[in-house]
1. Can you pull out the chymotrypsin sites (Phe, Trp or Tyr not before Pro) in segment A:7-47 that DSSP calls coil and that have at most 16 other Cβ atoms within 10 Å?
2. Treating each Cα of segment A:25-110 as an identical point scatterer and ignoring solvent, apply the Debye formula and state log10 I(q)/I(0) at q = 0.17, 0.23 Å⁻¹.
3. Taking other Cβ within 10 Å of each residue's Cβ, how do A:Ile79, B:Ile137 sort, fewest first?
4. What distance in nm separates the simple spin-label points at B:Lys50 and A:Glu27, each placed 7 Å from Cα in the Cβ direction?
5. Using amide H atoms built in the peptide plane, which far-off residues or other-chain residues are under 5 Å from B:Lys106 H to H?
6. Quick one: which residues, 5 or more positions from B:His98 or on another chain, have an amide H under 5 Å from its amide H? H modelled 1.01 Å from N in the peptide plane, none for Pro or chain starts.
7. Can you work out the Karplus-derived ³J(HN,Hα) for every residue in segment B:109-122? Use 6.51 cos²θ - 1.76 cosθ + 1.60 with θ = phi - 60°, whole Hz, and x for glycine or proline.
8. Amide H of A:Ile76: which non-local residues (sequence gap of 5 or more, or other chain) have their own amide H closer than 5 Å, using H built in the peptide plane?
Protein chains: 2
Amino acid sequence: MTEYERVLISFKEILKENGLKFTTQREIILKTLYQNSGHFTPEELLSLIKESYPTLTIGIATIYRTLGLLEKSNIIESISFGAKGKKYEFGTKEHHDHLVCLECEKLIEFYDDTIERQQEVISQKFNFKMTGHSMNIFGICQECQDKKYKK
Amino acid sequence: MTEYERVLISFKEILKENGLKFTTQREIILKTLYQNSGHFTPEELLSLIKESYPTLTIGIATIYRTLGLLEKSNIIESISFGAKGKKYEFGTKEHHDHLVCLECEKLIEFYDDTIERQQEVISQKFNFKMTGHSMNIFGICQECQDKKYKK
DNA sequence: GTTAGTGCAAATCGTTTGCACGGTT
DNA sequence: AACCGTGCAAACGATTTGCACTAAC
């Protein structure tokens, strides 16, 4: 069984448990996020789906509704860009955080054990029941630093 | 000289250096953020100012413009709530991160040396020129956990 | 057949902008 | 006097919602 099949089954179970329906749109959105690793805004995702499935009618509202559902189900994750909206990505096997380049808006993923562990320590200190976290380091990526000197 | 006086002078210097003007509105916004420790949305700040200075006319646009200015000047800091906007706080002496309660939306501040240091390590690993970061731990605060059991 | 999901357009919310007037330098 | 800052309202972009219709169960 592929990873995608496993995720699909678990999504269907979540739907059933909550009296929700498994629709073509929901399947396509999930599949598209799975097949295209990367970070997408809802609009980007809509364009991608429309290109890939020209005969499917699908609206931006459904994208938003489904993304919300998938996020609550812990199948996908989002990262916020302030007033500039959110980007979504398939919730990969292992959690990671991001380096955000302020020049080219690129996201670089990283995973760091020390930080993960320290979060637990901090939560305990405040008797805080941690359900998630986001850690973003802002700055300029190597590529953009290089470009600057070439100008 | 009080801390506020020092900040005010440095703000005035930044304004002068950039050919900008020191206005009543800018002063009131800075003073209000300084005097009211806490995290405010632009709208909340506007209400607070209107209550405190009933004779002053001030619009939401000025709040946004001044908050942007103060943030670029490193006098205040912001934390983003995705599509739900940003909250601003006076840039206290030492940097800190936040525990965000998903139940009551309260922010709890913390400072953790291990995390701060580890960020430098990660940035170096990716040849990333770090200019800032945000780390938010999401979950349920102790108060809200208690409430849940009392219901 | 019942109920939830959909697309569409309108509505909403936070934020930004154009403009004529007023305040600071 | 020159020029920036202001309030106001309109504009904007991301997201949400109401509704009649359609599809999943």
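1. Working: sites: A:Phe11, A:Phe22, A:Tyr34, A:Phe40; in loops: A:Phe22.
In loop regions of segment A:7-47 (DSSP not H, G, I, E or B), the sparsely surrounded chymotrypsin sites (Phe, Trp or Tyr not before Pro) are A:Phe22.
2. Rounded to two decimals, the profile gives -0.70, -1.20.
3. Working: A:Ile79 16, B:Ile137 22.
Ranked by crowding around the Cβ, least crowded first: A:Ile79, B:Ile137.
4. 5.2 nm
5. B:Cys101
6. Residues meeting the criterion, in which the H sits 1.01 Å from N, are B:Phe110, B:Met135, B:Ile137.
7. Coupling constants for segment B:109-122: 8, 8, 10, 9, 4, 4, 5, 4, 5, 5, 5, 4, 4, 5 Hz.
8. Placed amide hydrogens put A:Glu71, A:Gly91 under 5 Å from A:Ile76.
We did not get these values from a lab; they are worked out from the coordinates using the rules stated. None of these values were measured; they are calculated from a predicted model. All Cβ positions, even for glycine, are placed from backbone atoms using ideal geometry, and neighbour counts span all protein chains on display.
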